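Worksheet: the structure to be examined is printed underneath.
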């Protein structure tokens, strides 16, 4: 097992922006002597003030004493001459995301630092292999991708380029642990782990809007409240910056050979062309500013009366919904049947079933019941404040009223979306699982590192492979098959690692 870099050794950080100053803070707090380089003196001044402010905040919260904060700041030396990095054991590059600039910097560093100095890049999207190409010692170049803000975010992606010495990556993994971080290891690939696996969260959401299934405020609420994601996709892109998110989407799309799975959304491109970049411009998917009301999701108005209701005694994921309906005063008759192929809840004329990737209209024909209403997935049906429904085109208004009234009697808001394949949460979760499975198939990262990265890097309480094991690989693959048949696109092809577990019945987590 590799040893970490010991406290007292010199760690240099090149680039004194938000990320660079944050990384310098982390290294200094771990006991290293830190050289923070930037060619712009004003950037160094801003960085020192930002670090001092952050340390003062920690002192105010009693997470650090004043003497220790002063000592940390005292271990950081500001430098505007790159030669100041000469005695470093580790140099971390945190400059702009520009391939040529990074390659030029590493070439310059190689002429300054000792041969045993590790050269790390904080890039979030540029190939580690490409950055190291042409250097005399490419084996010492490695990715060390921190997340913003670096002092608070636990995750660090340690990324091997094709020529990275494994011992170098292992040294950084050990060092990250000593620094109080949680490292995950990945091979150099567009987006690494987090930015790649998260692409479907944006891509499928944009498709939902493009098909007119719902509005941005409702889409956000559904994925927050039903999918258990910390932020909806529209509000998240507004926060990141629609222009920045689009740039990443284009970068991944191009780097992966134009694979349609990663194609940028026309909806997003139009917003960027209009100058609607999100919070920083005051308008993206939503409006921002003083006096602007928060966006409100659309829910169905009260319906009634509550119809006679019955259910199969083994509804699996949907059983908590039945309990909530009963707790709301609805008498539910349990129908005994050995046939579990079409488990459903019958609310008056409406037949309610969990979606499976097909539209309600298609299933109504194939299953011979015109009054079919589909239920979207939720991470926790026992607590979700809303349920998402889609009715078949053949479904009568009376049956729809029965479906809505039944859930409302259980104190559950009803969101109606248009009848699109895969609904909202189902298609999003299936594609996130599939993307994560592709990362595993290609040996980019392990199952454990993928879920750790997505939990810590995005705040997802249910990461992809937890979803996969909860729903079953067979169910996820079936949803993808139905999406592929509906759209006729390779975008929804099943990843080999998921396909394998579909047939074996195996789980991703042991």
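Side notes on the structure shown:
- Test: residue 14 is modelled with pLDDT of 95 or more, crowded, with 16+ Cβ neighbours inside 10 Å, more than 29 Å from the chain's Cα centre (by Cα) and closer than 30 Å to residue 134 by Cα: no
- Search result, residues across region 252-275 that are crowded, with 19+ Cβ neighbours inside 10 Å and farther than 16 Å from residue 200 by Cβ: 271, 272
- Screening region 486-500 for residues that are part of a helix (DSSP H, G or I) and in contact (Cβ under 8 Å) with a residue 40 or more places away in the chain and picking the one that is surrounded by the fewest Cβ atoms within 10 Å (Cβ to Cβ) gives 490.
- Selection status of residue 69, assigned by TED's automatic domain parsing to the domain that holds residue 23, at pLDDT 95 or above and more than 31 Å from the chain's Cα centre (by Cα): yes
- Of all residues in region 80-95, those being in contact (Cβ under 8 Å) with a residue 60 or more places away in the chain and under 18 Å from residue 40 (Cα atoms) number 7.
- Filtering region 301-315 for residues that are surrounded by fewer than 17 Cβ atoms within 10 Å (Cβ to Cβ), free of Cβ contacts under 8 Å to residues at least 24 places away in the same chain, assigned by TED's automatic domain parsing to the domain that holds residue 395 and closer than 25 Å to residue 383 by Cβ leaves a non-empty set.
- Hits in region 174-198 (condition: part of a helix (DSSP H, G or I), within 12 Å of the chain's Cα centre (by Cα) and crowded, with 24+ Cβ neighbours inside 10 Å): 196, 197
- Strands (runs of 3 or more DSSP E) within region 283-366 that include 3 or more residues closer than 23 Å to residue 218 by Cβ and at pLDDT 95 or above: 350-354
- Looking across region 297-316, the residues that are out of contact with any helix residue (DSSP H, G or I) (no Cβ under 8 Å at 6 or more places or on another chain) and within 12 Å of residue 345 (Cα to Cα) come down to 308, 310, 312, 313, 314, 316.
The values are calculated or read from the model by the stated rules, or taken from the named source; none is laboratory data. Computed from a prediction, not measured in an experiment: that's the story for all the values here. FYI the Cβ positions are ideal-geometry reconstructions off the backbone, even for glycines, and counts take in every protein chain you see.
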